[in-house]
Amino acid sequence: MINLKEIAWKRRVSLQGPILKHVRTLQQRQWLPYDQLLHLQQKKLTRLLRHAYEHVPYFRSRLEEAGVVSSDGSVFLDNFSKLPVMERGTFYPYYETLKSDDLCQRKWYENWSGGSTGEPIRLIQDKAYFQWNQAVKIMYDQWSSKDLVDKQIVLWASERDLMVGKETWKTYMGRWMRNEQWLNTRKMSESCLQNYVERINRFRPVQILAYVESLYELARYAEDRGLAVHSPRSIMTTASMLYPHMRGKIEQVFQAPVFNRYGSREIGAIACECEHHTGLHVSMFTHYVEIVAPDGRPVSPGETGELVITSLHNYAMPIIRYRIGDTASWAVETCSCGRSLPLLKEITGRVNDCFVKPGGELVDGRMFVILLGTQSFVKKFQVVQNEVGKLDILIIPIQEMHDPHAFYQDDVERIVAKCRELMGEEVHIQLQFVQDIPPTASGKFRFTISNVKR
């Protein structure tokens with residue numbers, strides 16, 4: 001049977017450039033031996049560095065001082081780790097000098113990233129970056145058994161992507177051709193959650209793409225009310241940390257495997273789980289990924305460090321050795337799927353998700369997520385540290401009531417006692433029941449926030 005939507009969408013994609021050609025390239029290269037993949041990646045990195053030296057004022061002196069690029073254009077990748085890292089704070093003061101001086105010859109657009117911190121970044125991306133990023137996302141979808149125009153429900157919380165109140169006929173036409181339905185999860189009232197279950201059941205998607213916490217909340221709602229929910233072929237989660245208890249609940253309710261995808265608006269789709277779910281494969285074709293210790297050395301497999309990422313295709317405003325603010329670890333063993341792409345064991349969280357004890361010792365924020373995220377009476381929570389020796393815990397209870405402190409007194413005392421075990425007996429803990437905990441400007445929700453400088 002002729003699929004008119006697929007024909008229309010492939011025609012639309014072809015007008016955006018060689019995206020489908022890139023997909024075919026990715027399909028072939030993902031199975032190459034690692035040394036061949038590394039050779040291809042190093043060629044791309046060399047070209048990017050030479051371009052940055054010749055056309056981007058911000059990098060010219062830095063690359064030469066680090067011994068990465070010499071005045072004759074020679075590139076020395078052995079010195080790449082000596083190049084100073086970029087931070088979120090780099091973009092604002094150096095915006096003009098980060099631009100490539102050949103922008104007039106490129107097709108580019110401006111983009112903004114709020115990230116999980118809510119601190120906006122203004123940046124420029126070019127068409128080549130966009131095309132490769134789209135191709136990588138399509139490849140990741142294929143790993144999860146979703147073809148180009150298979151039905152997809154998108155549970156999303158970014159107002160900019162949702163275009164609430166600003167939809168045009170092109171918006172609706174694009175979603176029709178892609179076989180998508182978008183559901184706004186910025187405010188998930190009970191009536192909204194009921195409506196989303198009904199829409200999923202009517203549409204019967206092949207895949208659900210969702211903000212992690214949005215789908216987790218929907219899964220808990222369906223389970224609590226005994227609602228039957230359509231089981232898609234796969235679920236793709238993104239935008240936030242996927243914790244084990246979240247994965248378990250989502251897979252239990254929807255009876256479908258969860259694929260974890262990692263990326264950012266600044267530098268695109270970086271890594272994703274394959275069908276074996278042993279970690280996240282890094283897209284070597286589009287990114288050069290490092291995990292470094294606080295002293296800048298590369299970490300060993302299994303050791304946690306900070307992610308430093310280079311985007312290999314955005315020549316309009318190169319992002320090179322960007323400390324993205326997340327922590328991760330390399331897998332100790334290779335994946336049995338047969339792909340040679342580097343494997344992240346897990347994304348362990350934000351750098352500022354670590355809490356500081358009075359003596360200076362760090363406590364992994366995931367400990368609080370495990371503690372509070374598995375409590376049956378907790379609908380949503382947030383743990384905040386603004387100063388050493390003090391912890392604020394906000395909880396939205398699963399049921400509204402006049403005096404939740406009295407009703408959940410035993411649970412509250414147990415949580416406070418456990419938090420003191422983690423942070424120290426002298427730490428002041430203030431636990432409040434609230435009606436709402438707003439997400440960041442980008443729609444992401446942060447369960448743990450530490451504003452204490454280390």
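The numbers here are math on the coordinates, done by the rules we state, and not lab data. Keep in mind that this is a model prediction, so the values were computed, not measured. Using ideal geometry, Cβ is built from the backbone for each residue, glycine included, and neighbour counts are taken over all protein chains shown.
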Amide H partners (placed H, <5 Å) of Thr448, local residues excluded = Val383
request  = Would you grab the residues whose amide H sits under 5 Å from the one on His287? Only those 5+ places off in sequence or on another chain, please, with H modelled 1.01 Å from N.
outcome  = Leu312
query = Which lysines, on any chain, are close to Lys127 with Cα under 22 Å apart, when same-chain ones fewer than 8 places away are left out?
reply = Lys10, Lys21, Lys43, Lys44, Lys99, Lys107, Lys137, Lys170
query = Hey, got the Cα dimensions of the chain along the principal axes, in Å, largest first?
reply = 73, 65, 44
key: Residue-count net charge about Lys44 - beta-carbon cut-off 13 Å; Lys, Arg +1, Asp, Glu -1   = +4
query = If you project the alpha carbons of region 1-146 onto their three principal axes, what span does each projection cover, largest first, in Å?
reply = 61, 38, 33
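Using packing as a proxy for protection, rank 242-248, 297-303, 285-291, 135-141 so that the peptide with the highest average count of other Cβ atoms within 10 Å comes first. Intermediate values should be presented prior to the final figure.
Working: 242-248: 17.3, 297-303: 12.6, 285-291: 21.1, 135-141: 22.9.
So the order, starting with the most tightly packed, is 135-141, 285-291, 242-248, 297-303.
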key: Computed [θ] at 222 nm, helices only, for the chain once each DSSP H run of length n ≥ 4 contributes -39500 (n - 2.57)   = -10500 deg cm²/dmol
key: Reach of Lys82 by Cα under 13 Å, taken over aspartates and glutamates that are not fewer than 8 positions away in the same chain   = Glu64, Glu65, Glu290, Asp295
ask   = Hey, what's the Cα Rg ratio for region 167-262 versus the globular rule of thumb, 2.2 N^0.38 Å?
value = 1.06
remark   = Footprinting proxy, Ile319, Ile267: sorted fewest to most Cβ within 10 Å, the residues are Ile267, Ile319
query = Which order results if Glu223, Glu180 are arranged by neighbouring Cβ count within 10 Å, fewest first?
reply = Glu223, Glu180
remark   = For Ile121, other-chain or 5+-apart residues with amide H closer than 5 Å (H placed, Pro excluded) are Ser113, Gly114
task = Can you put Trp330, Trp182 in order of Cβ neighbours within 10 angstrom, beginning with the fewest?
result = Trp182, Trp330
ask   = Which of the residue pairs Lys5/Lys146; Lys249/Lys453; Lys357/Lys453 have a Cα-Cα distance greater than 23 Å in the structure shown?
value = Lys249/Lys453
